[in-house]
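Visitor: Starting off with a structure, shown below.
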Amino acid sequence: MKVGIAMMSHETNTFSPVITDLARFSGGRSEPLRGELAISTYTGTASCLGGFIKVATEQGVDIEHGIAAGAPPSGPVENETFEYMCDAIVSLAGRVDALLLDLHGAMATKSYQDGEGELLSRIRAARPDLPVCVSLDMHANVTEKMINNCSVLTGYHTYPHIDMDATAERGAKVFFDMLAGKCNPVMHWENAPMLPHVMRQGTDDFPNNALQQHAIALEQSDCLAVSLFTGFPHADIQDAGLSCVVITDGDAQAAAQHTGELLDFAWAERHKFVYQPEALPDSMARAQASTEAPGEGPVIILDHYDNTASGGTMDTTEVLAAVLDAGLDDVAVFGFFDPDVVEQMIATGVGNEVTVELGGKLPMPALAKQSKPLTLTGEVKLISNGKFKARVAMSRGLTINMGRAAVLSVGGVDIAVISRHIEPYDPECFRALGMEPTQRKFLMLKSRIHYRVGFMPIAKEIVECAGVGVCTSDYDQLTFEHVRRPIFPLDNPGSNAERVAYAAD
Ligand SMILES: [Zn+2]
């Protein structure tokens, strides 16, 4: 038996102005990885591809690795880029007996709201009987089109996502059992009319921790796989939001019943998925006061409206400006995406003084509130090729490429300036640039939840700061045009009975 493996992964923030072209899917190379190089790169890593490769290898099947295309979150995918990736995967589907796909589930393109559903339906049209197994991110906005065009589908149980490989393995084991005639997977999917705020989706927190534990308990009893997707609200598509997929062994009624149990629970706790931002001056006062609190380690200043891994431009300046205005000392900042400033600093040279116009470069047409460049004079402290080996879950085992990078030192504030978007969730991003994060009084991070993987264990205090950016947690700053209405909390559909009524519509 020959099994195809491929990845097409992108979380699309439809409010983001950041361009999503083939270069963004290519990891700094001329095109996405394929073939043996993809297998050797991902084997043994904590990624979904790592999980698929492991199970397929254990099964002793022949593996053909097609395209491995993953891009950091950003705006809608360019049409020609989507077609390139679809063609590669549909072509692979024509050469194999079964297919394992690492998809995200919240990809929107310039032409299709549901990128994954479109890909899967094209595969089904080309090879109607081909068994297809799909792994998705917990932020997937799952659609009926995805479910109707695959055999097995699983999603993460953790956010931060530390079970990517386990998610792929879980799905692949059910899939290979199905191929061997040992089980008959029946899938049920439903969504609830709710858009949980990303800042309230972490699995350290209630209610998502309880939802995921319930899903895992069902997997340990009578279900083959249970996936609760919190969804990605910044992909403004018809089916954005929370949904659930339950797979049982031939029992459609039980699958529907368990899906309903999970959605009922999520709906009953929907108010706990609402995030209340704090005014920036109040957050800065709290950050200053936190240094006096007992305990070791840095205070984290979280610039969560501009998280590149939710589609942020990674260049808004308002939180950094507040840090500088407050006169905070011993701060390490990660980071600012500003390739022009990096080149200017490289031209200036290490140890020399430079004046730059940092950040605020990319207009954000979806927002009324724009950022602006910050004029800063400081010393070029370090220049780097921007590559480091990830040591924490999610990317563990992979080399991260932040592009050419430099550190700008302005008084007691050291700012990482980079040329490729990466989210700071691994403390190695600082160490690669000569900064030891555990020794700082403050770390300013452009992240939302994923920083918790590497930084929560070393932090004394976390201060969430509302800056400016396209991953704002204040829904009032966004204009939703495509998501089904009514939906909570944009509207208040009311009782649980009404939730069920909406689902029936
Ligand atoms: Zn995610």
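Visitor: Does any residue in segment 50-62 that is assigned by TED's automatic domain parsing to the domain that holds S40 come within less than 8 Å, Cβ to Cβ, of a residue that is basic (K, R) and surrounded by fewer than 16 Cβ atoms within 10 Å (Cβ to Cβ) six or more places away or on a different chain, and which pairs are these?
Guide: Listed pairs, sorted by first residue: V61/K2; D62/K2.
Visitor: Next up: Looking only at segment 214-235, filter to residues that are without any contact (Cβ under 8 Å) to a residue 40 or more places away in the chain and in contact with a Ser or Thr (Cβ under 9 Å, 6 or more places away or on another chain); which one of those is farthest from P17 (Cα to Cα)? Step through it out loud before you land on a result.
Guide: If we filter segment 214-235 for residues that are without any contact (Cβ under 8 Å) to a residue 40 or more places away in the chain, which is where we start, we get 217, 220-223, 226.
Now narrow it down to the ones that are in contact with a Ser or Thr (Cβ under 9 Å, 6 or more places away or on another chain): 222-223, 226.
Numbers: D222: 45, C223: 41, V226: 34 Å.
Looking at residues that are without any contact (Cβ under 8 Å) to a residue 40 or more places away in the chain and in contact with a Ser or Thr (Cβ under 9 Å, 6 or more places away or on another chain), I get D222.
Visitor: Determine, yes or no, whether E269 is among the acidic types (D, E) and assigned by TED's automatic domain parsing to the domain that holds F442. I'd like the intermediate steps shown before the answer.
Guide: Numbers: among the acidic types (D, E): yes; assigned by TED's automatic domain parsing to the domain that holds F442: no.
For E269, the condition - among the acidic types (D, E) and assigned by TED's automatic domain parsing to the domain that holds F442 - is not met.
Visitor: Test D329 against the stated conditions and say whether it is in a loop (DSSP other than H, G, I, E, B) and surrounded by fewer than 24 Cβ atoms within 10 Å (Cβ to Cβ). Lay out the reasoning, then the answer.
Guide: Working: in a loop (DSSP other than H, G, I, E, B): yes; surrounded by fewer than 24 Cβ atoms within 10 Å (Cβ to Cβ): yes.
Criteria met by D329.
Visitor: Taking into account only those residues within segment 1-26 that are within 22 Å of I123 (Cα to Cα) and assigned to a helix (DSSP H, G or I), which is nearest to the ligand (Cβ to nearest atom)?
Guide: The extreme case among them is F25.
Visitor: Has segment 52-63 got any residue that is in a strand (DSSP E or B) and aliphatic (A, V, I, L, M)?
Guide: Filtering segment 52-63 down to residues in a strand (DSSP E or B) leaves 62-63.
With the extra rule that they be aliphatic (A, V, I, L, M), the set shrinks to 63.
Yes, the conditions are met somewhere in segment 52-63.
Yes/no per residue for (1) touching a Leu at 6+ places or on another chain (Cβ under 7 Å); (2) surrounded by fewer than 16 Cβ atoms within 10 Å (Cβ to Cβ):
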{"site": "T20", "(1), (2)": "no, no"}
{"site": "A38", "(1), (2)": "no, no"}
{"site": "E64", "(1), (2)": "yes, no"}
{"site": "E118", "(1), (2)": "no, no"}
{"site": "P128", "(1), (2)": "no, yes"}
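Visitor: Here's a check for you: in segment 42-61, which residue that is of a type in the set (V, I, T) and at pLDDT 95 or above is surrounded by the most Cβ atoms within 10 Å (Cβ to Cβ)?
Guide: In the first step, residues of segment 42-61 are kept if they are of a type in the set (V, I, T); the result is 43, 45, 53, 55, 57, 61.
Filter again for at pLDDT 95 or above, leaving 43, 53, 55, 57, 61.
Details: T43: 15, I53: 25, V55: 21, T57: 12, V61: 16.
Among residues in segment 42-61 that are of a type in the set (V, I, T) and at pLDDT 95 or above, the one surrounded by the most Cβ atoms within 10 Å (Cβ to Cβ) is I53.
Visitor: To continue, here is another question. Quick check on my filter: what residues within segment 285-320 are in a helix (DSSP H, G or I), over 17 Å from the mean Cα position of the chain (by Cα) and within 12 Å of S447 (Cα to Cα)? Lay out the reasoning, then the answer.
Guide: Let us first name the residues in segment 285-320 that are in a helix (DSSP H, G or I), namely 285-290, 304-306, 308-310, 318-320.
Add one more test, that the residue is over 17 Å from the mean Cα position of the chain (by Cα), and what stays is 285-290, 318-320.
The answer is none; no residue qualifies.
Visitor: If you take the residues in segment 88-106 that are in contact with a Pro (Cβ under 9 Å, 6 or more places away or on another chain) and not in a loop (DSSP other than H, G, I, E, B), which one is surrounded by the fewest Cβ atoms within 10 Å (Cβ to Cβ)?
Guide: Across segment 88-106, the extreme among qualifying residues is A88.
Per-residue answers, yes or no, for (1) outside the structural domain of D114 (by TED's automatic domain parsing); (2) touching a residue at least 24 places away in the same chain (Cβ under 8 Å); (3) more than 21 Å from V323 (Cα to Cα); (4) buried (at least 21 other Cβ atoms within 10 Å of the Cβ):
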site	(1), (2), (3), (4)
G378	yes, yes, no, no
K387	yes, yes, yes, no
G403	yes, yes, yes, no
L408	yes, yes, no, yes
I415	yes, yes, no, yes
Y425	yes, yes, no, yes
G454	yes, yes, yes, yes
K460	yes, yes, no, no
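Visitor: Counting only residues that are more than 16 Å from the ligand (Cβ to nearest atom) and buried (at least 24 other Cβ atoms within 10 Å of the Cβ), which one in segment 207-236 is farthest from H271 (Cα to Cα)?
Guide: Among those residues, the one meeting the criterion is L224.
Visitor: Kindly indicate whether D303 is within 30 Å of G359 (Cα to Cα) and at pLDDT 95 or above.
Guide: Numbers: within 30 Å of G359 (Cα to Cα): yes; at pLDDT 95 or above: yes.
Yes.
Visitor: A further question on this structure: Of the residues that make up segment 67-80, is at least one in contact with a helix residue (DSSP H, G or I) (Cβ under 7 Å, 6 or more places away or on another chain), of a type in the set (S, T, N, Q) and away from the ligand (no atom under 16 Å from the Cβ)? Outline the logic, then answer.
Guide: Filtering segment 67-80 down to residues in contact with a helix residue (DSSP H, G or I) (Cβ under 7 Å, 6 or more places away or on another chain) leaves 67-74, 77.
This time we only want the ones that are of a type in the set (S, T, N, Q), so: 74.
Keeping just the survivors that are away from the ligand (no atom under 16 Å from the Cβ) gives none.
Within segment 67-80 (the criterion being in contact with a helix residue (DSSP H, G or I) (Cβ under 7 Å, 6 or more places away or on another chain), of a type in the set (S, T, N, Q) and away from the ligand (no atom under 16 Å from the Cβ)), the answer is no, since none of the residues qualifies.
The values are calculated or read from the model by the stated rules, or taken from the named source; none is laboratory data. Source: prediction; values computed, not measured. Neighbour counts run over all protein chains shown; Cβ positions are idealised from the backbone, glycine included.
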